[in-house]
Amino acid sequence: MKQHISKRLLIGGNWKMNGTREASTLMLNDLVTAFEPLTESVDAAVFVPFPYLQHCGNLIRGSGLLLGAQQVSAEANGAFTGQVSAEMLLDMGVKILIIGHSECRQLLAESDELIGEKVAISVSTGLSVMLCVGETWQERQAGHAEAVCRRQISAALKGIHLDHMGAIQIAYEPIWAIGTGRSATPQDASISHASLRKDIEELYDPALAAATRILYGGSVNPANATSLFAQPEIQGALVGGASLKAADFASILRSASQATSSRPN
Ligand code: PGA
């Protein structure tokens, strides 16, 4: 039997290490207004820098926009200078976390194992997770893209009980597409998503694999969003650069809303 693939799209804005308090205020005031007519048809999150979490949380309260953070410690508490725990983030009103972003894997040398620990502590604390996976250009050229993603997803979900999987979304983010202006084609992204879904099916079961949202990330912008979202395998986007302009992010949200509405029930 063909399982039903999740219909409602999720769009995340990954601000990375950008912005000021003032810029966040302007941005979120515009975004809250733009999101208001779309709340029924699309989910949206903003992943803001740690210092602005409280401020941004206040600005989006009641809007339906989810407050997201970009990092978390794998430890519960203790002598870990500079780190922030899942419990603290929950306490600040955070709903969802980016874990395993390629910039953290590469620049902070985060291992598959560490990422798995971060996922585990986050979901058991009650947070949702946006788990990022993706291959380098060299890995893709060598025909290893699917194997790399399978390794990353298996390690990250190791020990995650089926009951916690509803809190996890996957972001397929090919590293060569991040911040380069060179997005994966909708067809290539769709093939990678189908392969990731198969991995989840093997780790869990077909119903769970179908229900898990798999987002695409890497140079998503207002011009390519509609064609990406035309692929049923793509259940949303993690957006970096284009999430820093309210008008661009709002345009991507509208494309996602239209895609949700045009997908069969
Ligand atoms: P980009 O970033 O949209 O600027 O390519 C995506 C991401 O890093 O999540």
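No lab work stands behind these numbers, since they all come straight from the coordinates. This one's a predicted model, so the numbers in the text were calculated from it and none came from an experiment. Cβ coordinates were reconstructed from backbone atoms using ideal geometry, including for glycine residues, and neighbour counts include every protein chain displayed.
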Checklist entry - For the range 62-73, in order, what is each residue's ³J(HN,Hα) by Karplus, 6.51 cos²θ - 1.76 cosθ + 1.60 with θ = phi - 60°, in whole Hz (x at glycine and Pro)? => result x, 8, x, 5, 8, 7, x, 10, 9, 8, 7, 7
Checklist entry - Most mobile of L131, L67, L38 per a Gaussian network model of the chain (Cα springs, under 10 Å)? => result L38
Checklist entry - What is the extension gain from I191 to A247, computed as 0.36 nm multiplied by their sequence separation minus the C-alpha to C-alpha distance, in nm to one decimal? => result 17.2 nm
Item to check | Signed unit charges on C-beta, dipole axis of the chain, positive-most listed residue G78, A194, Q169 | outcome: A194
Next on the checklist: Need the list of lysines near K118 for cross-linking: C-alpha distance under 20 angstrom, and skip anything on the same chain fewer than eight residues off.
Outcome noted: K16, K95, K158
Item to check | HN-Hα J in Hz across the range 92-103 - Karplus 6.51, -1.76, 1.60, θ = phi - 60°, x for Gly and Pro | outcome: 8, x, 5, 10, 8, 10, 7, 10, x, 4, 4, 5
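Semi-axes of the equivalent ellipsoid for the chain, please: Cα gyration tensor eigenvalues, times 5, square-rooted, ordered largest first, whole Å.
Values: eigenvalues 121, 108, 64 Å².
Equivalent ellipsoid semi-axes, largest first: 25, 23, 18 Å.
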Checklist outcome for this item: Comparing E103, E135, E146 in a Gaussian network model of the chain (Cα, 10 Å), the one with the largest mean-square fluctuation is E103
Checklist entry - Most mobile of Y204, Y172, Y216 per a Gaussian network model of the chain (Cα springs, under 10 Å)? => result Y204
Item to check | Evaluated at q = 0.09, 0.14 Å⁻¹: base-10 log I(q)/I(0), Debye formula over Cα of the range 96-234 | outcome: -0.24, -0.60
Checklist outcome for this item: Here the FRET efficiency for L108 versus S63, based on Cβ atoms and R0 = 25 Å and rounded to 0.05, is 0.20
Next on the checklist: With θ taken as phi - 60° and the coefficients 6.51, -1.76 and 1.60, list the Karplus ³J(HN,Hα) couplings across the range 251-259 in order, rounded to whole Hz; mark glycine and proline as x.
Outcome noted: 5, 5, 4, 5, 4, 5, 4, 5, 5
Checklist outcome for this item: Rounded to whole angstrom, the alpha-carbon centroid of the range 23-65 lies from that of the range 143-182 at a distance of 26 Å
